[in-house]
Amino acid sequence: MGLLVALDRPGGYEELVGKLCSRVDGFKLGLPLLMARGPGYAGLLRRRCRDALWVADLKLADIGYVMRLTAGLVAEHVDAVIAHGFVGVEGALGELKDYLDSLGKRLVVVASMSHPGAREAYDHALPRILETLERLRPWGVVAPATRPGVVGIVRRRLGPGVAIMSPGVGAQGAEPGSALCAGADYEIVGRAITGSGDPVEAAERIRREQEARLSNCRGTSHGS
Ligand code: BMP
């Protein structure tokens, strides 16, 4: 069971990361924060919580050459980098994965997204993206907590060896634990924690809700 906190809004998170460190599994750094504070800020935050999983959410979607250059700016400070899945393997994700492998870093690829409009694009694109993911075998995949059925499809197709991270819990309406029940390894929560008056209490409550839902759904089939 995992909880990743999305840090998106430009701001100072040093104190918050220190407080959340023992309560969550990792942090996902969004583009607004990285652009405002610079890639080195990821390193500064990491020093507050070294053993957590640190993910740079660059949502890369470009030719391999440019994705490598971009990932290279932040890779030393994080464990994993997120790219979009629709750009394909040759000349794009394949190059990025080889590059990250050479640095000992992990690639996470978006299979589908959590917002309502994702249906327009991803309902058609998902079968192709799943083929890409089967060939590429990235360390991790992003699949939406708002559509647990999609999480289940990704899990069944890619098997147990991939880490599935699911955004959409809290501010976007998905309940804590719902994606875990569908087969995800981590739920990504941003505003429901960072926008709360008491982020530590919010993270602890979400943890408790994840545990409760997970213990209820265990024993039932994934993807429900
Ligand atoms: P929030 O919990 O505040 O809605 O934040 C969700 C986080 O997950 C944001 O960092 C966003 O970029 C990310 N995300 C998402 O919401 N939907 C996706 O499909 C993919 C994402 O990475």
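Readers should treat all values here as calculations from the given coordinates under stated rules, not as data from a laboratory. Just so it is clear, the model here is predicted, and its values are computed rather than measured. All Cβ positions, glycine included, derive from the backbone under ideal geometry; neighbour counts span all protein chains shown.
Assessment of the stretch 187-207 against the conditions (touching a Lys or Arg at 6+ places or on another chain (Cβ under 8 Å), surrounded by 15 or more Cβ atoms within 10 Å (Cβ to Cβ), closer than 23 Å to Leu33 by Cβ and free of Cβ contacts under 8 Å to residues at least 40 places away in the same chain) yields no matching residue.
Within the stretch 158-174, is there a residue that is away from the ligand (no atom under 11 Å from the Cβ), of a type in the set (Ser, Thr, Tyr) and touching a Leu at 6+ places or on another chain (Cβ under 9 Å)? Steps first, please.
Initially, the stretch 158-174 is screened for residues away from the ligand (no atom under 11 Å from the Cβ), giving 158-164.
From what is left, the residues that are of a type in the set (Ser, Thr, Tyr) are none.
No.
Checking each residue in the stretch 32-69 for being assigned to a helix (DSSP H, G or I), surrounded by fewer than 20 Cβ atoms within 10 Å (Cβ to Cβ) and within 16 Å of the ligand (Cβ to nearest atom) picks out Pro32, Met35, Ala36, Arg37. For the stretch 84-112, filtering for residues that are among the aromatic types (Phe, Trp, Tyr) and outside any helix (DSSP H, G or I) leaves 1.
Of the residues Arg137, Arg147, the single one that is within 13 Å of the ligand (Cβ to nearest atom) and either basic (Lys, Arg) or closer than 30 Å to Glu90 by Cβ (or both) is Arg147. Within the stretch 148-160, identify whether any single residue is within 24 Å of Tyr13 (Cα to Cα), of a type outside the set (Ser, Thr, Tyr) and in contact (Cβ under 8 Å) with a residue 24 or more places away in the chain, and answer yes or no. Looking for residues that are within 24 Å of Tyr13 (Cα to Cα), of a type outside the set (Ser, Thr, Tyr) and in contact (Cβ under 8 Å) with a residue 24 or more places away in the chain, one finds none in the stretch 148-160, hence no. Of all the numbered requirements in (1) touching a residue at least 12 places away in the same chain (Cβ under 8 Å); (2) farther than 27 Å from Asp198 by Cα, Lys28 misses one, and that requirement is (2). Here the stretch 98-108 is the region considered, the condition is being more than 11 Å from the ligand (Cβ to nearest atom) and either aliphatic (A, V, I, L, M) or in contact (Cβ under 8 Å) with a residue 12 or more places away in the chain (or both), and the residue that is surrounded by the fewest Cβ atoms within 10 Å (Cβ to Cβ) is Leu103.
The numbered conditions (1) out of contact with any strand residue (DSSP E or B) (no Cβ under 9 Å at 6 or more places or on another chain); (2) hydrophobic (A, V, I, L, M, F, W, C); (3) buried (at least 20 other Cβ atoms within 10 Å of the Cβ) are all true for Val151 except (1).
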